[in-house]
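To keep things clear, I will list the structure first and then write my remarks on it.
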Amino acid sequence: MSTPNLLMIGGATDEMMSRLTQEFTIHKLSEIADLDAWASEFGASVEAVMTNGHDGVPAPIMAALPNLKAAAAFGVGYDGIDTDACVARGIKVSHTPNVLNAEVANTTLLLLLTGLRNFRHDEAWARSGDWEAKGAAPLSTSPDGKTIGILGLGRIGQEIADRLSIFNPTIVYHTRTKKDVAYTYYDNLVDMAAACDVLVCITPGGPSTDKIVNKDVLEALGPKGMLINVSRGSVVDEAALIDALDSGKLGLAGLDVFAGEPHIPDALKASDRTVLLPHVGSASHETRAAMGALTVDNLLQWKSDGTLLTPVPECAHL
Ligand code: A2R
């Protein structure tokens, strides 16, 4: 049986490795000390890479693999992969849509509840003895009946809207194209932010959404408004966010993603208006297993017939 050469950029679970090692000859980028030396020996023989949305396929690696045919990304976002360059070279790219919708939506609801209900502070109040020393913790804000704006009403955005229904919200949304849904559509993000109590970002990253949540959007959301970002750090102008929080022009931020991950600006860490997570939106055992299985399924299908199970839209015609 042939075992094509596969370069792994980033990690994989034991389950993924056990399926892959039977089918591919694996090279791990983390074990390559000298990329040029490795590339001169193996680069031309590598036909597939496995990566993730964060690491992508860096340009020097693309250049070192002249016969690359398939790139399988672990994750739904693939802004780290230059799909134009892949299409130009006929490289097929897959990702893992849908299997993480529920978990990212759960994370969104938990950020919403933790922020509005002030549970971060309440937990500290209970743990520190403030309850006995100072009395009842301050009141907080109910998540019920709020107007919630979804920036990016795609697979995950729709799941967020569905799961939010337990709070009887008014859902509104902004995307580039109006969708066939009953929610109110805003073609202008600032206008939507002005109408919202909470703004949830769940668009892809990349140039078209870079800092789309800017000073004007944050100030329109206002002193009682909450921003939730479960998409990509690049979607929010982080400097403007820090200014808006520190000046009280924005009420709260619940953030799972950051511009310079894994670095989080000290101002966001120090703020009592933030709930911070280390990019764990999809990071449950169950969901990561499903994402890993789909990543491997894509590679195995490509090995068997040259097609991908879940290609990214840009490469679907290849
Ligand atoms: O704009 P449209 O009509 O293509 O709608 C998409 C929207 N979107 C945008 N909205 C406003 N301005 C933009 N520049 C823009 N670009 C895209 O984001 C669509 O409603 C949504 C993306 O939905 P899906 O492609 O179904 O992605 P999914 O699976 O919901 O994941 C979204 C992102 C990933 O790319 C990762 O960055 C993150 O969630 O995990």
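Taking all protein chains together and rolling a 1.4 Å probe, H317 ends up with roughly 130 Å² accessible. Placing a pseudo-label 7 Å from each Cα along the Cα-to-Cβ vector at D130 and S30 gives an inter-label distance of 3.9 nm. Highest GNM mean-square fluctuation among K134, K69, K28, for the chain modelled with Cα contacts below 10 Å: K134. Dipole size of region 1-98 about its Cα centre, with +1 on Lys/Arg Cβ and -1 on Asp/Glu Cβ: approximately 280 debye, rounded to the nearest 20.
If Lys and Arg each add +1 and Asp and Glu each add -1, what is the summed charge of the other residues whose beta carbon sits under 12 Å from the beta carbon of T107?
Once all neighbours under 12 Å are counted, the net charge is -2.
For the pair L113 and H317 in one chain, pulling the backbone fully straight at 0.36 nm per residue adds 69.3 nm over the alpha carbon distance. When the chain is modelled as a GNM with alpha-carbon springs shorter than 10 Å, which of T25, T295, T170 fluctuates the most? Sorting by GNM fluctuation, first place goes to T25. Just report the Cα centroid separation between region 241-274 and region 1-73, whole Å. If you average the Cα positions of each part, the centres end up 36 Å apart. Computed from backbone phi with θ = phi - 60° and the Karplus coefficients 6.51, -1.76 and 1.60, the 3J(HN,Hα) list for region 308-316 is 10, 6, 10, x, 5, x, 4, 9, 5 Hz; x is used for glycine and proline. Per residue, the accessible area of region 133-274 comes to 46 Å², computed with a 1.4 Å probe over protein heavy atoms only.
Principal-axis analysis of the Cα atoms of the chain puts helix 14-23 at an angle of about 20° to the longest axis. Ordering L151, I91, A283 by the projection of their Cα atoms onto the charge dipole of the chain, which places +1 on the Cβ of Lys and Arg and -1 on the Cβ of Asp and Glu, puts L151 at the extreme positive end. For the chain, the C-alpha radius of gyration sits at 1.11 times the compact-globule guess of 2.2 N^0.38 Å, with N the residue count. Each residue of region 289-294 was assigned a 3J(HN,Hα) from its phi angle through the Karplus curve 6.51 cos²θ - 1.76 cosθ + 1.60 (θ = phi - 60°); the sequence is 5, 5, 5, x, 4, 5 Hz, with glycine and proline shown as x. A194 sits among other residues whose Cβ lies under 10 Å from its own Cβ, and their net charge, with Lys and Arg +1 and Asp and Glu -1, is -3.
Taking the longest Cα principal axis of the chain as reference, the axis of helix 119-128 is set at about 70 degrees.
In whole Å, what three semi-axes, largest first, describe the equivalent ellipsoid of region 174-318 built from its Cα gyration tensor (square root of 5 times each eigenvalue)? Mind dumping the intermediate values first?
Working: eigenvalues 216, 80, 33 Å².
Equivalent ellipsoid semi-axes, largest first: 33, 20, 13 Å.
For region 137-176, applying the loop criterion from DSSP together with a ceiling of 16 other beta carbons within 10 Å to the trypsin sites (Lys or Arg not before Pro) yields R176.
For the chain, the longest principal axis of the C-alpha atoms and the axis of helix 101-116 are separated by about 30°.
Summing Lys, Arg as +1 and Asp, Glu as -1, what charge do residues with Cβ under 12 Å from the Cβ of I61 carry, I61 excluded?
-3
Straight-line cross-link reach from K215 at under 21 Å between alpha-carbon atoms covers these lysines, not counting any fewer than eight positions away in the same chain: K224, K249, K269.
The values are calculated or read from the model by the stated rules, or taken from the named source; none is laboratory data. In this text, all values refer to a predicted model and were calculated from it rather than measured experimentally. Cβ coordinates were reconstructed from backbone atoms using ideal geometry, including for glycine residues, and neighbour counts include every protein chain displayed. Side chains included, ligands, DNA and RNA excluded: accessible areas come from the protein's heavy atoms. Shrake-Rupley method; radii C 1.70, N 1.55, O 1.52, S 1.80 Å.
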